[in-house]
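Read through the structure below, which is laid out as structure tokens, and then see the notes.
The values are calculated or read from the model by the stated rules, or taken from the named source; none is laboratory data. These figures come from a predicted structure and were not determined experimentally. No Cβ is skipped: glycine too gets one built from the backbone with ideal geometry, and neighbour counts run over all protein chains shown. What goes into the accessible areas is simple: the full protein's heavy atoms, side chains included, and nothing from ligands, DNA or RNA. Shrake-Rupley method; radii C 1.70, N 1.55, O 1.52, S 1.80 Å.
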Amino acid sequence: MSETGPDGSTMSYGRRMLILAICCLSLLIVGLDSTIVNVALPSIQRDLHTSVSGLQWIIDAYTLVLASFLMLSGSTADRIGRRRTFQTGLAAFTLGSLACSLAPSLGWLIAFRMLQAIGGSMLNPVAMSIITNTFIEPRERARAIGIWGGVIGISMALGPIVGGILVETVGWRGIFWVNLPVGVAAIILTALFVPESRAPRARPFDPAGQVLVIVTLAALTYGIIEGPGSGWTSAKILGCFAVSVAALAALIVYEPRRTDPLIELRFFRSAPFSGATLIAVSAFAALGGFLLLITLYLQNVRGYSALHAGLFMVPLAAMTMVGAPVSGRIVATRGPRLPLVVAGVGITVSGLMLTRLTATTSAGWLIAAFVIFGIGFGAVNAPITNTAVSGMPRSQAGVAAAVASTSRQIGQSLGVAIIGSAVVSALAGSFRAGFPAASHTGWWIVAGCGAAVLVLGLLTSGSWARGTAQRTADRLMPSGSPPVPVTSR
């Protein structure tokens, strides 16, 4: 079966699936990077002599920069070409990975993680835009998105094992080497098989909006991470929060005044789109906090090796891998409500189970919590992505997908910052003795994030919400264009 490709040519089903596979490679290296780095954190902490806040910055320097530039990358791809932007991102991510493997100190590692993130910002939203413009039929698109989301589970399953083996054999620097061959292969395959595509009308660069986004996220994250050490009521921390609020307020006032804003605030008139954004923040905040806490617990409290700790996380990753494509098929046939309910319940229950964590909690209880979290997290990605792009004009696909991806990264960044800082603030005595009890605060936050996913999923997947999505889609279409059908049930 053939369809018209994004470049206007006839494209066979086989070529469409090959393009999907290339896009999945980009998600694979980004997903691998996330779980591999988490497994290596204790080893990095010992080698570079850093505190918990230093570990938070290793993660958040990446997610913060990623979140700051995703929307710019999405609109840039729509303007100058999705294939060109995608290849540039692959090259920057691959070079950043090589630099991280050579970092001589914590400061340099954080700097090179930021370079990685600049490349990463050009991958996932642009890949999603390529998929959206390659798979035109709504149900086939939903299935493709489900497959794409399933790669998250594959990367999460491979990450802890590969990361554990590399840390145990060649050291933590080896965790960045795995990105190099995959990145090079993806660059070559993109040049050979992915057609170039652009939005019909290019949107100009919005420098003021871009700066306001960076200031908002950077000031907020810095204040949260450094709060336990500097004091929550210190002038520095309060100043950071004030700057973040002021920048956000300026962004909200400034963006609607632009003809072509960096952030299209009209998207948020759609209840499903707004809900998907908040659900992404909540779910990925839970994931970021979960991975940080459980990695430190398994290696620094239980004394497990990196490989042993990685193997413990395989059930979580396996459930995510199995659940993501199933969720994609359910979204395609029945809509997003059921997967969102499963996601909310799974994340909430797993968080509540770990509020009882002690230094001697049984392996069976831990694995059960990991399985339940994996089921919940595996169900959440497909409805987030599908809802974000469903009903949006194809010319806006890159921006809409970038907002969804930005929400994920903001959530993970805030999860690491908030949950990590909450645990550090509650920590009393030595790390090994005090961490299990201190982590209970973090697990309650994880459970709260899951409850937010559940409530938002129920509120934003009904007939009223679909009506707001249809009205928003009609407003976004140029005058004289046919209405965009909203296919989410």
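Here are some notes:
- Reduced Cα scattering model of the range 45-182, Debye log10 I(q)/I(0), q = 0.13, 0.19 Å⁻¹: -0.64, -1.19
- Relative contact order, whole percent, for the range 1-141 stands at 30, derived from Cα pairs under 8 Å and 6 or more residues apart.
- In the range 218-370, one over the average inverse separation of all distinct C-alpha pairs is 19.1 Å, which is the Kirkwood hydrodynamic radius.
- Residues C449, C23, sorted by accessible area with the largest first, give C449, C23 [1.4 Å probe; ligands and nucleic acids excluded].
- Normalising by residue count, the chain has a Cα convex hull of 127 Å³ per residue.
- Taking amide H as placed 1.01 Å from N in the peptide plane, M11 has its amide H under 5 Å from the amide H of E3, T4, G5, each at least 5 places away in sequence or on another chain.
- In nm, spacing of pseudo-spin labels at T358 and M114 (7 Å Cα→C-beta vector): 4.5 nm
- Cα centre as origin, Lys/Arg/Asp/Glu Cβ charges: the chain dipole, Debye: 820 debye
- The share of accessible area on the range 72-135 that comes from carbon and sulfur is 74 percent, using a 1.4 angstrom probe.
- Measuring between their Cα centroids, the range 218-234 and the range 60-132 lie 26 Å from each other.
- Value of relative contact order over the chain, rounded to a whole percent, pairs C-alpha under 8 Å and six or more apart: 23 percent
- The accessible surface of the range 256-371, taken with every protein chain in place and a 1.4 Å probe, is 66 percent carbon and sulfur.
- Nearest-10 value in Å² for the accessible area of W148, using the 1.4 Å probe: 20 Å²
- The angle between the Cα long axis of helix 235-254 and the main principal axis of the chain comes to about 10°, on a 0 to 90 degree scale.
- Both the radius of gyration and Dmax for the range 187-288 are 18.2, 56 Å, in that order, over alpha-carbon atoms.
- Computed from Cα positions, the angle between helix 106-120 and the longest principal axis of the chain comes to roughly 20 degrees.
- Approximate spin-label separation W232-T333, in nm, with each point projected 7 Å along Cα-to-Cβ: 4.8 nm
- Counted residue by residue at 0.36 nm each, then reduced by the alpha carbon distance between them, the extension gain from V211 to L265 reaches 17.8 nm.
- Cβ-derived FRET efficiency at R0 41 Å, W444 paired with W464, nearest 0.05: 0.85
- The angle between the Cα long axis of helix 463-476 and the main principal axis of the chain comes to about 60°, on a 0 to 90 degree scale.
- Residues in the chain average 35 Å² of solvent-accessible surface per residue, probe 1.4 Å, ligands and nucleic acids excluded.
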